[in-house]
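Where a number appears in this text, it was derived from the coordinates with a stated rule and is not lab data. Quick caveat, the model's predicted, so the values are computed rather than measured. So basically every Cβ, Gly included, is an ideal-geometry build from the backbone, and we count neighbours across all protein chains shown.
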Amino acid sequence: MSLPVTDTSSGAGTRQVDTLIIGSGFAGLGAAIRLARAGKDFLVLERGHDVGGTWRDNTYPGAACDVPSNLYSYSFALNPEWTRSFSPQPEIQAYIESVADRYDVRRRIEFGCEVKSAHWNTTTHRWDVTTDHGDISARVVVSAVGALCEPSLPDITGIENFQGEIFHSARWNHDADLAGKRVAVIGTGASAIQIVPAIAGKVAHLDVYQRTAPWVMPRADREYTPVERFAFRHVPGFQRLSRALQYVTRETQVVGLAKAPVFLKPLELAARAHIRRQIRDRELRRKVTPNFQIGCKRMLISNNYYPALARPNVDLITDGIAEVTADGIVTRDGTVRKVDAIIVATGFHVTDSPTFAGIFGKDGRSLADVFDATGMQGYKGSAVAGFPNMFFLVGPNTGLGHTSMVYMIESQLNYVTDAIRTIDSHRIGTIEVREDSQSEYNRSLQDALRTSVWSNGGCASWYLDKHGNNTTLWPGFTFEFRRITKEFDLAAYRSVAAADLPPVPVTVESAPAPATPKKTRTPRKAAAK
Ligand code: NAP
């Protein structure tokens, strides 16, 4: 157990924190719970005013999960309260909040505190973190900011001049009354296909601007029966069995997605049949039929998207957008369509998140600069060479298209919790993944991805970075990731024992707190590498 060196009082001067977790979505909250259980000393910073991350922020009408409910929870906190087989956003947010309460970690989260920057200090061997609540010096930082947190706004000529309501799907303006208005939705991704059916019946007219038609499958969504809900609550193992069956069923998709895309053909036939069943108009059928292999972009599920597009008050517009004017949208064929409101459902900065620009590693370069040069590379999604004593949750190549991210997050929690345990038990002062471990790991990832539909399916997606590499998705079965993250592999890292670090010079104005408590003796052999 690490000694409590965290001083969370927000008085003058720099606060000393042992482990600083940034973010309190599924990843950051999970880290807080795991570190609390391990008896570690930590503080969570959260820029929002509640836990939940992307599920707190995405409150758009129709927001719901496309992973089955029983699979979409922490393994240590199953939720017998789910009311449907696919949960709507409010239920997921309520679940996350209830977990924070049950594990009593809210008191260790500082809400409304935004991290501005984090610099590795080569003198103190700690992270200097600047926040809007003052400065913090942290021994270890765990970045749990998530991949889907920074809305990506489209770079469309004139969009800043639009005079009506305009907002991003992840920043829904609930004060804007869309009833009876002419509304445009830009984008046809996972968010848009939930928004369109939710608002189509309320607005006077809806223009849906599609750049690329997505593959949409039927959504096997239904209310749980009272018997099922009783069984989730009272029959030992019933919910866990349901979860296991969902896990195995979903995992079979990996064969087609990552290894042999030919096995995705049955899914494509099902998606084509879905179009034929739900849309009569030939022209609309043509417009919604994708021109790339299913799975290349995230497969979407909906039973009401196509019927919404077929409504008389909805137009699917496939001519590219030329510009936005003060009161409408002009497409490249010159057509002007006036609108009162624009909903921008254009996704998130994933491979180019602005948060990367504020993290500066040991050679002074930002994570953004490092990723710009090499692509978003890391080691087991949890560490990046040049960024000592920093761990990432939902880092490079940990994303999924087919199953629950919570499973991947829990795998990373095993790894990062064990890393912190190892740092403490070996009295390590600084630890950094070795460049050769990281390069070798990425070589094997990219090799594995070569056969995937994401690389060969003929689409452009946010899975790929500007170098054309897939730096977002895990290329195999998720149980393989669970296996490689089961334990922290110290041999892949370069570490320096706390006792071997050069002493921190004491200045007259400030005397930084020691990185590790002085009283502990350091077994140098174990830590030096
Ligand atoms: P997204 O999947 O990235 O989709 C963005 C959409 O906007 C795409 O249709 C894209 O077209 C379009 N677009 C982007 N820039 C544009 C531009 N300049 N002009 C016109 N169209 C533009 O974003 P999202 O729908 O918000 O979903 C993001 C991720 O969030 C999903 O992949 C999923 O992981 C997650 N999500 C999950 C759920 C769930 O049910 N669990 C629900 C919502 C979101 P192109 O296809 O041509 O790029």
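Arrange the following residues from fewest to most other Cβ atoms within 10 Å of their Cβ: 336, 453.
336, 453
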In whole angstrom, largest first, the equivalent ellipsoid semi-axes that the Cα gyration tensor gives for the stretch 247-376 are 34, 28, 12
Computed [θ] at 222 nm, deg cm²/dmol, the chain (DSSP H ≥ 4; -39,500 (n - 2.57); rounded to nearest 500) | -8000 deg cm²/dmol
Relative contact order of the stretch 84-205 (C-alpha contacts under 8 Å, at least 6 apart) in percent is 12 percent
Between the stretch 62-120 and the stretch 148-203, the alpha-carbon center distance in angstrom = 25 Å
Name the residues whose placed amide hydrogens come within less than 5 Å of the amide hydrogen of residue 64, ignoring near sequence neighbours (fewer than 5 apart) on the same chain.
-> 89
If you check each cysteine of the chain for another cysteine whose beta-carbon is under 4.7 Å away, which ones come up empty?
-> 65, 113, 149
Model label zone, residue 122; criterion: amide N under 12 Å from point 7 Å along Cα-to-beta-carbon; scope the stretch 359-381 = 361-365
Looks like the stretch 205-321, by Cα gyration tensor root eigenvalues a ≥ b ≥ c and the a/c under 1.5 rounded cutoff (else prolate when a/b is bigger than b/c, oblate otherwise), is oblate
Pulled fully out, how much extra length does the chain show between residue 244 and residue 262, if you take 0.36 nm times their separation in residues and subtract their Cα-Cα distance?
-> 3.9 nm
If 408, 217 are placed from fewest to most neighbouring beta carbons inside 10 Å, the sequence is 217, 408
Other-chain or far-sequence residues with amide H under 5 Å of residue 301's (modelled H) = 217
Quick one: length gained pulling residue 414 to residue 326 fully straight, 0.36 nm per residue minus the C-alpha distance?
-> 26.5 nm
P(r) over all Cα-Cα pairs of the stretch 347-436, 5 Å bins from 0 to the longest distance, whole percent per bin, short to long, reads 3, 13, 22, 23, 19, 13, 5, 1, 0
For residue 107 and residue 222, compute 0.36 nm times the residue count separating them, minus their Cα-Cα distance, and round to one decimal in nm.
-> 37.7 nm
Spacing of the two label points (7 Å from each Cα toward its C-beta) at residue 94 and residue 36, in nm = 2.1 nm
Output for the stretch 429-487: GluC sites (Glu not before Pro) sitting in coil per DSSP, at most 16 other Cβ within 10 Å, listed by number, reads 487
Among GluC sites (Glu not before Pro) in the stretch 83-140, those in a DSSP loop whose Cβ has at most 13 other Cβ atoms within 10 Å are 114
At R0 = 25 Å, FRET efficiency that the Cβ-Cβ distance of residue 466 and residue 160 yields, to 0.05 = 0.55
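Could you tell me what percent of the DSSP beta bridges with both partners in the chain are antiparallel, to the nearest 5?
Roughly 40 percent of the DSSP beta bridges within the chain come out antiparallel.
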dims of the chain, Cα set, principal axes, largest to smallest, nearest Å -> 76, 54, 44
Virtual spin-label span in nm between residue 500 and residue 291, 7 Å along Cα→Cβ = 5.9 nm
Rounded, prolate or oblate: pick one for the stretch 203-265, where a ≥ b ≥ c are the square roots of the eigenvalues of its C-alpha gyration tensor, a/c under 1.5 means rounded, and failing that, prolate if a/b is larger than b/c, else oblate.
-> oblate
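Helix hunt in the chain: which complete DSSP H runs extend at least 24 Å axially by C-alpha with mean Kyte-Doolittle at least -1.0?
Going by DSSP H runs, the hits are 405-425.
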In terms of the ratio Rg/(2.2 N^0.38 Å) built on C-alpha atoms, what value belongs to the stretch 34-193?
-> 1.27
With label points built 7 Å along Cα→Cβ from the Cα atoms of residue 484 and residue 59, find their separation and express it in nm.
-> 4.0 nm
